Amino acid sequence: MTDARSLTPQLPAAKLLIDGQLVDPVEAGTLTVTNPATGEKICDVPSATGADVDKAVKAARRAFESGPWSKMNPSERGKLIRKLSDLLWQRREEFALVESMNNGKTFRQAITGDVAPGAATLSYFADWANKITGEVLPVDGPFLTYCLKEPVGVVGAIVPWNYPTCLLCWKLGPALASGCTVVVKPSELTPLTALKLGALALEAGFPPGVLNVVTGYGDPAGEALARHPDVDKISFTGSGRTARRLLQASANSNLKKLTLELGGKSPQIVLPDADFATAVEACFWGIFSNKGEICNAGSRVLVHEKAYDAFVGQLTERAKKMRVGDPLDAATEMGAQISPRQLETILSYVDSGKRQGAKLLVGGERDTQGTKAKGLFMQPTIFGDVQPEMKIAQEEIFGPVLSCIRFRDEAHALEIANGTQYGLAASIWTRDVAKAHAMARKVKSGVVWINCFNEFDDAAPFGGYKESGWGRDLSHHALEGYLQYKAVWTKLPADL
Ligand code: NAD
């Protein structure tokens, strides 16, 4: 990996991408993009309004209905997606540098956790483009009845700031492979890599209108997309609060379909026979990777009372040694939080933990040592003696704050694990494989990891139970969200 500090950032043009053209917004307006590690301005990008979104949706509609995309063979579509994947992979360091500067995550994590997985997801779905098959249905005769799987149409992809490249690719891969066209609305906090990816799509040769990028705020740009009567589907990753707005917008417009990937409060359940060394490291990275700004962060560690003191002690010692600092320094383990507002939210949860009687074991404050004073750094924070009903054990903090909770037995662990509104992910640490599988069935979440955490593969679906969402990203199951089924009936002669 190149030393990030030797690279020169390649910023995207400050333009919207609509209908294959880089254009200025209809009404002049900008949003400022800031580096959370230094507090310095990076650049301005356009702040789109409803008029820009409307232009982008019209372009996407044209490309879908009558443009080259609608007539393109599936294998050609696949080749274009693969080209985009290849270009992204080739420029992974260039993208990761911009992502790291814009998001505050380390350069290393920007490559390994964001840009490289994004390229891999595009590659995975490129292969699916000519493998989406219909089926012949065994109806009572005399009929030949088959089911066509057709793209849903124009997709609005609304993505958050924590994995801007990767999560965008989670939407683009299956949408494009299915034959949909897309209007992307990245987070106002991290719009740069979406603009860069849009430019790569032009370079790859995507026809105009297939992939459009409108940068702007949730309101008006995101709202305009969500309310647009000619958008067939919104594929969203973000907060439950925004998801509810999207549902209302769908209800008040054209009942557009929704895929929702939302928050989590994922438990890591540690039984007394677990491999401690591996589990400690996994629990540590489970919460502190990407600064805790991960939807499936293992933000609750549930430890059997017999093992609690030893396990939480080791975890705390590891956290004390964590290197927080310049995201571009290869030795840094944790970078800067995304925004002043997010840092305030994290600190207010720390206050709440203290007030409700949890024991602060490490961290708990903003890190202002040296040059970090200019940025938005937070100390890795662990609370012990957390009770399951405390706010820090119930609500998603989206920062480097871990709640450690004791349990008596497996039934008690499951009760605590399932005792929040969320159900995104969980892990179980034990050498008793049968027990682990039995517990996995009782955990109410879309992903369960056994003796591992944070493992992802494009072949495995990701998404939530309960208020963690609707539908799935990744794997062939994600394609379902971008397809609709048509049953075609042909009457056959009865006498043959
Ligand atoms: P957010 O909901 O505030 O914003 C997400 C996106 O929605 C942004 O692009 C934003 O501009 C847009 N938006 C905001 N208001 C809108 C509106 N009224 N209409 C349309 N679009 C609107 O979320 P965030 O703060 O960017 O991201 C953090 C949240 O995302 C956390 O809750 C986290 O758990 C969740 N998340 C989930 C997953 C997952 O896969 N389940 C992954 C990452 C993040």
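I'd like to know if the stretch 28-40 contains one or more residues that are assigned to a helix (DSSP H, G or I), in contact with a Phe, Trp or Tyr (Cβ under 8 Å, 6 or more places away or on another chain) and either open to solvent by 20 Å² or more (accessible area, probe 1.4 Å) or farther than 26 Å from Ala56 by Cβ (or both).
no
State the number of residues belonging to the stretch 95-141 that are open to solvent by 10 Å² or more (accessible area, probe 1.4 Å), modelled with pLDDT of 95 or more and over 27 Å from Asp230 (Cα atoms).
Residues meeting the conditions: 19.
Could you grab the pairs with beta carbons closer than 6 Å, sequence gap of 6+ or different chains, first residue in the stretch 284-303 and within 13 Å of the ligand (Cβ to nearest atom), second one among the basic types (Lys, Arg)?
Going by the 6 Å Cβ cut-off, the qualifying pairs are Asn290/Lys105; Ser299/Lys265.
Just to be sure I understand the filter: pairs with C-beta atoms under 7 Å, separated by 6 or more residues or on different chains, first member in the stretch 176-202 and open to solvent by 10 Å² or more (accessible area, probe 1.4 Å) and part of a helix (DSSP H, G or I), second member within 15 Å of the ligand (Cβ to nearest atom) and of a type in the set (Asp, Glu). Which pairs pass?
Close Cβ pairs satisfying both conditions: none exist.
Mind checking whether some residue in the stretch 226-235 is closer than 27 Å to Thr345 by Cβ and without any contact (Cβ under 8 Å) to a residue 40 or more places away in the chain?
Scanning the stretch 226-235 turns up no residue that is closer than 27 Å to Thr345 by Cβ and without any contact (Cβ under 8 Å) to a residue 40 or more places away in the chain.
Taking the criterion of being within 27 Å of Pro151 (Cα to Cα), of a type outside the set (Gly, Ala, Ser), open to solvent by 40 Å² or more (accessible area, probe 1.4 Å) and away from the ligand (no atom under 11 Å from the Cβ), would at least one residue in the stretch 448-456 satisfy it?
no
Going by what's in this entry, would Leu262 be described as surrounded by fewer than 23 Cβ atoms within 10 Å (Cβ to Cβ) and hydrophobic (A, V, I, L, M, F, W, C)?
So Leu262 fails the test.
Would you be able to say whether some residue in the stretch 407-420 is in contact with a helix residue (DSSP H, G or I) (Cβ under 7 Å, 6 or more places away or on another chain) and more than 18 Å from Val443 (Cβ to Cβ)?
Checked the stretch 407-420: no residue is in contact with a helix residue (DSSP H, G or I) (Cβ under 7 Å, 6 or more places away or on another chain) and more than 18 Å from Val443 (Cβ to Cβ).
Conditions: (1) of a type in the set (Lys, Arg); (2) open to solvent by 70 Å² or more (accessible area, probe 1.4 Å); (3) touching a Phe, Trp or Tyr at 6+ places or on another chain (Cβ under 7 Å). Lys442 meets all but one. Number of the miss?
The failed condition is (3).
Are there any pairs with C-beta distances below 6 angstrom linking a residue in the stretch 153-170 that is over 15 Å from Leu122 (Cα atoms) and more than 9 Å from the ligand (Cβ to nearest atom) to a residue that is open to solvent by 10 Å² or more (accessible area, probe 1.4 Å) and assigned to a helix (DSSP H, G or I), with the two at least 6 apart or on different chains, and if so which?
Filtered contacts from the stretch 153-170: Gly153/Phe64; Val154/Arg61; Val154/Phe64.
Every residue, every condition in (1) open to solvent by less than 10 Å² (accessible area, probe 1.4 Å); (2) away from the ligand (no atom under 11 Å from the Cβ); (3) within 21 Å of the chain's Cα centre (by Cα), yes or no:
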| position | (1), (2), (3) |
| --- | --- |
| Gly216 | yes, no, yes |
| Leu225 | yes, no, yes |
| Ala243 | yes, no, yes |
| Ala251 | no, yes, no |
| Phe276 | no, yes, no |
| Leu315 | yes, yes, no |
| Arg323 | no, yes, no |
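Tally the residues that are within 19 Å of the chain's Cα centre (by Cα), open to solvent by 50 Å² or more (accessible area, probe 1.4 Å) and in contact (Cβ under 8 Å) with a residue 40 or more places away in the chain, restricting the search to the stretch 56-94.
Matching residues across the stretch 56-94 total 0.
Could you run through the stretch 346-365 and say how many residues are closer than 25 Å to Gly238 by Cβ, open to solvent by 10 Å² or more (accessible area, probe 1.4 Å) and either within 16 Å of the ligand (Cβ to nearest atom) or not in a helix (DSSP H, G or I) (or both)?
The qualifying residues number 2.
Which fully enclosed helices (runs of 4 or more DSSP H) of the stretch 403-482 have 2 or more residues being out of contact with any Gly (no Cβ under 8 Å at 6 or more places or on another chain) and more than 28 Å from Ile234 (Cα to Cα)?
410-417, 433-442
List every residue pair whose Cβ atoms sit under 9 Å apart, with the two residues 6 or more apart in sequence or on different chains, where the first one lies in the stretch 337-360 and is at positive phi and the second, anywhere, is of a type in the set (D, E, K, R) and open to solvent by 50 Å² or more (accessible area, probe 1.4 Å).
What qualifies is Gly357/Asp385.
The values are calculated or read from the model by the stated rules, or taken from the named source; none is laboratory data. This structure is a prediction, so every number in the text was calculated from the model and none was measured. Positions of Cβ are backbone-derived with ideal geometry, glycine not excepted, and every protein chain shown enters the neighbour counts. Side chains included, ligands, DNA and RNA excluded: accessible areas come from the protein's heavy atoms. Shrake-Rupley method; radii C 1.70, N 1.55, O 1.52, S 1.80 Å.
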